[in-house]
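Structure first, commentary second.
The values are calculated or read from the model by the stated rules, or taken from the named source; none is laboratory data. All values derive from a computational prediction rather than experimental measurement. Here the Cβ positions follow ideal geometry from the backbone for every residue, glycine too, while neighbour counts run over all protein chains shown. The area values use the complete protein model at the heavy-atom level, side chains included, leaving out ligands, DNA and RNA. Shrake-Rupley method; radii C 1.70, N 1.55, O 1.52, S 1.80 Å.
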Amino acid sequence: MTKARDYTKLTDDQLTDRLAKAKTEDVVAALIAEIERREQIEQRIAELVSAGWEYRDAYAEAYGLDPEQLAQQERAALVRENRLPGESLEQTVDRMFTEDADRRYAEAEKACRGHMLVKESEGKVNPRELFCGPASRIRKHASPELKAWFYANGRITWREYMAHMLGRARDIELAKNVDRDYGEAVAA
């Protein structure tokens, strides 16, 4: 008696190639069963997405995976894809954070119509510093418009971004201590 083969690790192309070259009915049946299993999973994903699920959550449900763990794997893959030659993971995440902070700064500046700082801080503080430093800077230097923008859009610190992108226990633990109080919420 021959041992059953595990075809679940094959790509779809490899599966099709094996099916075309299969010589026994047992192998053909096993390959077809794997193809049908995959089609059922894809059908389940399509049903869940049609029912309003996010694709990642539907994928995780259909494959029996933890959605947060899958999301973390996607973020880690994004960091690896963005990594430049000679760059450490931390350097890559730092660069990505800076790019994200620049994007958020531009959005906030537009929404606040340039009113980013209180009068006392104008010319003394770079408003970009409010997008990466401690919340105490926001309490002291941010205009009511910028505070309202942070309340509406959120604000992620470098430490939180590092924890979010890499998912390392040490970073997650340090991110728990981030000051989230920007002062009284103010409508813009």
Starting from the range 1-13, keep only residues that are over 12 Å from Ala33 (Cβ atoms) and at pLDDT below 90, then list their pairs with residues that are part of a helix (DSSP H, G or I) and charged (D, E, K, R) whose Cβ atoms are within a distance under 8 Å, requiring at least 6 positions of separation or different chains. Thr2/Asp26
All helices (runs of 4 or more DSSP H) inside the range 1-113 with 2 or more residues being closer than 17 Å to Met165 by Cα: 67-82, 89-111
Tally up the residues in the range 110-128 that are touching a His at 6+ places or on another chain (Cβ under 9 Å) and open to solvent by less than 80 Å² (accessible area, probe 1.4 Å), please. 6
Filter the range 17-32 for residues that are exposed (fewer than 13 other Cβ atoms within 10 Å of the Cβ) and in contact (Cβ under 8 Å) with a residue 12 or more places away in the chain and give the result. Asp26
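Give the range 138-155 a look and list any residue that's crowded, with 17+ Cβ neighbours inside 10 Å and farther than 30 Å from Arg83 by Cβ, or say none.
Those that are crowded, with 17+ Cβ neighbours inside 10 Å and farther than 30 Å from Arg83 by Cβ: Ile138, His141, Ala142, Ser143, Glu145, Leu146, Lys147, Ala148, Trp149.
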Meets criteria (among the basic types (Lys, Arg), open to solvent by less than 100 Å² (accessible area, probe 1.4 Å), closer than 24 Å to Arg159 by Cβ and out of contact with any Phe, Trp or Tyr (no Cβ under 9 Å at 6 or more places or on another chain)) for Arg83: no
Qualifying residues in the range 50-70 (those that are within 19 Å of the chain's Cα centre (by Cα) and hydrophobic (A, V, I, L, M, F, W, C)) - the one most open to solvent (accessible area, probe 1.4 Å): Trp53
From Val79, Val118, grab the single residue that is out of contact with any strand residue (DSSP E or B) (no Cβ under 6 Å at 6 or more places or on another chain), β-branched (Val, Ile, Thr), without any contact (Cβ under 8 Å) to a residue 40 or more places away in the chain and on the phi < 0 side of the Ramachandran plot. Val118
Restricting the range 114-145 to residues that are in a helix (DSSP H, G or I) and under 25 Å from the mean Cα position of the chain (by Cα), the residue that is nearest to Leu89 (Cα to Cα): Phe131
